[in-house]
1. Looking at (1) within 15 Å of residue 32 (Cα to Cα); (2) out of contact with any Pro (no Cβ under 9 Å at 6 or more places or on another chain), which is the only condition residue 89 fails?
2. Give the residues of the stretch 53-104 that are surrounded by fewer than 11 Cβ atoms within 10 Å (Cβ to Cβ), under 14 Å from the mean Cα position of the chain (by Cα) and of a type in the set (D, E, K, R), sorted by residue number.
3. Can you find, within the stretch 71-107, the residue that is modelled with the highest pLDDT among those that are in a strand (DSSP E or B), over 14 Å from residue 30 (Cα atoms) and among the hydroxyl-bearing types (Ser, Thr, Tyr)?
4. Identify all residues within the stretch 1-54 that are assigned to a helix (DSSP H, G or I), free of Cβ contacts under 8 Å to residues at least 40 places away in the same chain and either of a type in the set (S, T, N, Q) or in contact with a Ser or Thr (Cβ under 7 Å, 6 or more places away or on another chain) (or both); write none if there are none.
Amino acid sequence: MIEKITLLAILGFGAWFWYDTLQCQEIAKSFAKQMCAQLQLQLLDDTLALVRLRLKRNHRGRLSLQRVYQFEFSDGGYNRRQGTLIMRGISLEMLEMPGYVQRTISPV
């Protein structure tokens with residue numbers, strides 16, 4: 001009986017984590033698209049790559065997931081530049097696009 005409950009808890013956590021990751025990635029992608037549109041840039045490949053995942057404390061001291069994404073953008077399609085976007089939970093913590101936006105940091 002305990003094994004079944006443990007298995008269900010693990011499956012539940014896995015499903016929550018998968019859903020939370022997809023939701024966070026979609027929100028992060030919309031931030032990247034908005035910034036590229038404002039600066040008249042092109043978000044290349046329409047994708048973000050998750051490069052780091054860790055637990056960090058927010059300003060209230062609670063643990064939350066921090067995800068670091070990287071993406072590529074271009075001003076005319078001939079050169080690729082790399083941007084970084086950091087999400088804490090589903091909130092934007094930092095956005096950096098070298099040459100265009102220098103570390104826009106939001107309090108989370």
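The values are calculated or read from the model by the stated rules, or taken from the named source; none is laboratory data. Treat the numbers as computed from the prediction; the structure is a model and nothing was measured. Glycine gets a Cβ as well: all are built from the backbone with ideal geometry, and neighbour counts include every protein chain shown.
1. In the conditions (1) within 15 Å of residue 32 (Cα to Cα); (2) out of contact with any Pro (no Cβ under 9 Å at 6 or more places or on another chain), residue 89 misses (1) alone.
2. 54
3. This residue is 74.
4. Passing the criteria: 6, 30, 34, 38, 44.
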